[in-house]
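**Q** Here it is, the structure, as structure tokens.
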Amino acid sequence: MTRPIRKVVILGGGTAGWMTAALMAKVLGRQVGIELVESDDIGIIGVGEATIPPIQQVNAVLGIDEADFLRETKATIKLAIRFENWGAQGDSYYHTFGTAGRNLAFCSFHHFWTRARKMGLGGSYWDHDLNYLCAEAGKFAPTQGNDPIWDMPYAYHFDSGLYGQFLRRYSERLGVTRTEGMVGDVQRAAGIGDIMALVLRDGRVIEGDLFVDCSGSRGVLIQQHLGTGYEDWGHWLPCDRAMAVPSERFATTLPFTRAIAHGTGWQWRIPLQHRNGNGLVYSSRHTSDDEAARILLGNLDSPALADPKIIHFRTGRARRQWNRNVVAVGLSSGFLEPLESTSIYLIQSAIVRLIHLFPHEGITPELIGEYNRQSQIEMELIRDFIILHYHANNRRDSAFWRDLRLMDVPERLARKISLFQANGTLVQDQYDIFMEPSWVQVLMGQGVLPQDHHPLADGPSDDEMRAQLAQMAELKRRPLAQLPSHDEYLLGKVGVAA
Ligand SMILES: Cc1cc2nc3c(=O)[nH]c(=O)nc-3n(C[C@H](O)[C@H](O)[C@H](O)COP(=O)(O)OP(=O)(O)OC[C@H]3O[C@@H](n4cnc5c(N)ncnc54)[C@H](O)[C@@H]3O)c2cc1C
């Protein structure tokens, strides 16, 4: 056990650094002092614009008003991701944040739908999902009401630079100290090897008890000084580069992200209030940077606003997220490509975990062990979910997709796929951020359809089934007529012209 933790030093002022500062200041600000060190010369990665619904919890804990948030980060609403050309070229499907239909008596809706499909009843699974219906219609307003059937979980797209600055202002108001400067070295405790202080290039020394490494993919503390090691997952997820470029905004703002598969990777399109974010994620073994630029710039729907920027990354995780008195949060802790917009969520989850397991009276091996155990499982489960998108494909156009279809996947994922294929069974893993509706949509969207339904779905007669499904689809559609367009909603909230 080390000494009590009275001062936390955060290294890095990107999304990870400022989110850590804001949440810690809000929750632990009376017990610990917080100082954040960042280098203006290095800057931030400057991507990371799409989120998933748990971001709402961050705003709720921080007490952030949605209109302020939308205005200051130039955010738009995200109801889903539309995956185009993934299962097969020409196909598209949505992974929405919603739930299709209504589950009945221990039996999930997709079992009834699978039975209906075998009966030859037409209709898409997604016709029973309000998030999908609104995404397609370009409509949005919060719908939480009397009946959970109309709940429409949503997240945001935002400008990552503006988001960091928004959180910085918030954190500084709560007393977080910001120090500008580049860390050149650290002081370590003799014998135990804990970090005692950061040493800036100009000689200033920043002392602390616990250090949160938010220094991005450099991993200045967790890797460069502590040599924690890295587990590489590139053999399952071969993309290792991204090229990003902003482009002019469209007249109509889509309330969803687009993820468009190409021959050796995929392209994102993220609508913001003032511009679109675009990027190509690709494998450098299969595509040169010149070829990537040609694909990216040739597939923009509006004029580019800058030159493309290349970002190198390595998929995997630090072998320990918490090592000695350093906790890695954000890109320093590992990276999973942005296909399901999970990195900012992983930052949030890491901070919440650290707050739960905070070593007020001193760091113990038990706290470190538990933190690392949870972090590892959580990241592996997201990894598996992302692998599923690549592996379950029927694309015939390149060796890239063929090799991914034929590769061995992690055993837990292989089991999940075959259980689902047999009769739609899914088992929820603890710490999996993706719940059953997400797995169902991506499995079925990628072409993995259950061969049978669960016997519990045999309860209703054929006629009852037919009537219930029609009624469900009608019920789900009901709020649509009253909802404003996404642009009208933004206009009402922040005064952005459509
Ligand atoms: C192509 C791509 C697309 C992405 N898209 C998404 C997305 O849509 N959704 C999502 O959730 N996530 C996304 N991410 C991930 C997301 O961008 C990051 O998780 C997020 O920006 C957090 O980054 P960070 O704060 O860890 O690192 P950075 O933004 O790199 O910040 C690092 C900070 O450390 C400081 N620093 C580094 N070294 C030193 C030093 N020696 N001294 C002082 N300061 C130092 C820097 O100045 C900087 O302030 C994407 C990532 C990539 C690569």
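**Q** Tell me whether the range 23-36 contains one or more residues that are over 22 Å from the mean Cα position of the chain (by Cα), within 12 Å of the ligand (Cβ to nearest atom) and buried (at least 17 other Cβ atoms within 10 Å of the Cβ).
**A** The answer is yes, given that some residue of the range 23-36 is over 22 Å from the mean Cα position of the chain (by Cα), within 12 Å of the ligand (Cβ to nearest atom) and buried (at least 17 other Cβ atoms within 10 Å of the Cβ).
**Q** Please specify each residue of the range 423-456 satisfying the condition of being in a helix (DSSP H, G or I) and at pLDDT 95 or above. I'd like the intermediate steps shown before the answer.
**A** Within the range 423-456, the subset in a helix (DSSP H, G or I) is 423, 436-445, 455-456.
If the condition is that a residue be in a helix (DSSP H, G or I) and at pLDDT 95 or above, then Glu436, Pro437, Ser438, Trp439, Val440, Gln441, Val442, Leu443, Met444, Gly445 are the ones that fit.
**Q** Filter the range 331-356 down to the residues that are not in a helix (DSSP H, G or I) and not β-branched (Val, Ile, Thr), then identify the one that is surrounded by the most Cβ atoms within 10 Å (Cβ to Cβ).
**A** Gly334
**Q** For the range 45-59, give me each residue that is part of a loop (DSSP other than H, G, I, E, B), near the ligand (Cβ under 9 Å from one of its atoms) and of a type outside the set (Ser, Thr, Tyr). Reasoning before the result, please.
**A** Going residue by residue through the range 45-59, those that are part of a loop (DSSP other than H, G, I, E, B) are 45-49, 51-54.
When the remaining residues are screened for being near the ligand (Cβ under 9 Å from one of its atoms), the result is 45-49, 51-52.
Selection gives Ile45, Gly46, Val47, Gly48, Glu49, Ile52.
**Q** Kindly evaluate Leu406 against the criterion of being under 30 Å from Arg102 (Cβ atoms), at pLDDT 95 or above and either hydrophobic (A, V, I, L, M, F, W, C) or touching a helix residue (DSSP H, G or I) at 6+ places or on another chain (Cβ under 6 Å) (or both). Break it down into steps so the answer makes sense when it comes.
**A** Working: under 30 Å from Arg102 (Cβ atoms): no; at pLDDT 95 or above: yes; either hydrophobic (A, V, I, L, M, F, W, C) or touching a helix residue (DSSP H, G or I) at 6+ places or on another chain (Cβ under 6 Å) (or both): yes.
Spelling it out, it is not the case that Leu406 is under 30 Å from Arg102 (Cβ atoms), at pLDDT 95 or above and either hydrophobic (A, V, I, L, M, F, W, C) or touching a helix residue (DSSP H, G or I) at 6+ places or on another chain (Cβ under 6 Å) (or both).
**Q** Now for a separate question. Condition test on Phe166, is it at pLDDT 95 or above, under 23 Å from Gly14 (Cα atoms) and assigned to a helix (DSSP H, G or I)?
**A** yes
**Q** Among the residues that make up the range 23-37, is at least one of them modelled with pLDDT of 95 or more and closer than 26 Å to Gly277 by Cα?
**A** No, because not a single residue in the range 23-37 is modelled with pLDDT of 95 or more and closer than 26 Å to Gly277 by Cα.
**Q** Provide a single number: the residues in the range 60-90 that are assigned to a loop (DSSP other than H, G, I, E, B) and either without any contact (Cβ under 8 Å) to a residue 40 or more places away in the chain or within 19 Å of the chain's Cα centre (by Cα) (or both). Write out each step before concluding.
**A** Of all residues in the range 60-90, those assigned to a loop (DSSP other than H, G, I, E, B) come to 63-65, 74-75, 79, 85-90.
Checking the rest, the ones that are also either without any contact (Cβ under 8 Å) to a residue 40 or more places away in the chain or within 19 Å of the chain's Cα centre (by Cα) (or both) come to 63, 65, 74-75, 79, 86, 90.
Count: 7.
**Q** Restricting attention to the range 313-330, report how many residues are closer than 22 Å to Ile55 by Cβ, more than 7 Å from the ligand (Cβ to nearest atom) and not in a loop (DSSP other than H, G, I, E, B).
**A** 3
**Q** Give me the pairs: first residue in the range 194-211 and at pLDDT 95 or above, second residue of a type in the set (Ser, Thr, Tyr) and surrounded by fewer than 15 Cβ atoms within 10 Å (Cβ to Cβ), beta-carbon distance under 6 Å, and six or more apart or on different chains, which are they?
**A** Note: no pairs meet the criteria.
**Q** Could you please find all residues in the range 207-242 being near the ligand (Cβ under 10 Å from one of its atoms) and more than 25 Å from Gly279 (Cβ to Cβ)?
**A** Correct list: Asp213, Val220, Leu221, Gln224.
**Q** Which residue out of Ser349, Ser333, Ser341 is near the ligand (Cβ under 7 Å from one of its atoms), at pLDDT 95 or above and small (Gly, Ala, Ser)? Can you show your working first?
**A** Values: Ser349 fails: near the ligand (Cβ under 7 Å from one of its atoms); Ser333 fails: near the ligand (Cβ under 7 Å from one of its atoms).
Answer to the selection: Ser341.
**Q** So which of Ile363, Ile387 ends up being outside any loop (DSSP other than H, G, I, E, B) and either hydroxyl-bearing (Ser, Thr, Tyr) or touching a residue at least 40 places away in the same chain (Cβ under 8 Å) (or both)?
**A** Details: Ile363 fails: outside any loop (DSSP other than H, G, I, E, B).
Selected residue: Ile387, the only one of Ile363, Ile387 that is outside any loop (DSSP other than H, G, I, E, B) and either hydroxyl-bearing (Ser, Thr, Tyr) or touching a residue at least 40 places away in the same chain (Cβ under 8 Å) (or both).
**Q** A further question on this structure: For Thr287, are the conditions met, namely being among the polar types (S, T, N, Q) and either under 22 Å from Leu388 (Cβ atoms) or modelled with pLDDT under 95 (or both)?
**A** Taking the combined requirement at face value, the residue does not satisfy it.
**Q** Restrict the check to the range 249-266 and report whether at least one residue is within 30 Å of Gln31 (Cα to Cα) and within 16 Å of the ligand (Cβ to nearest atom).
**A** no
**Q** A further question on this structure: Being away from the ligand (no atom under 16 Å from the Cβ) and out of contact with any strand residue (DSSP E or B) (no Cβ under 9 Å at 6 or more places or on another chain) is true for just one of Ile5, Ile64. Which residue is that?
**A** From the options Ile5, Ile64, the qualifying one is Ile64.
**Q** Could you check the range 267-305 and list, in sequence order, the residues that are within 13 Å of the ligand (Cβ to nearest atom) and either in contact (Cβ under 8 Å) with a residue 40 or more places away in the chain or assigned to a loop (DSSP other than H, G, I, E, B) (or both)?
**A** Correct list: Trp268, Ile270, Pro271, Leu272, Gly277, Gly279, Val281, Tyr282, Ala292, Leu296.
**Q** Could you list all residues from the range 155-185 that are touching a residue at least 24 places away in the same chain (Cβ under 8 Å) and within 10 Å of the ligand (Cβ to nearest atom)?
**A** Within the range 155-185, Ala155, His157, Phe158, Ser160, Gly161, Tyr163, Gly164, Thr179, Glu180, Gly181, Met182, Val183 meet the criteria.
The values are calculated or read from the model by the stated rules, or taken from the named source; none is laboratory data. This is a predicted model, so every value here is computed, not measured. Here the Cβ is made from the backbone with ideal geometry for all residues, glycine too, and neighbour counts use every protein chain on show.
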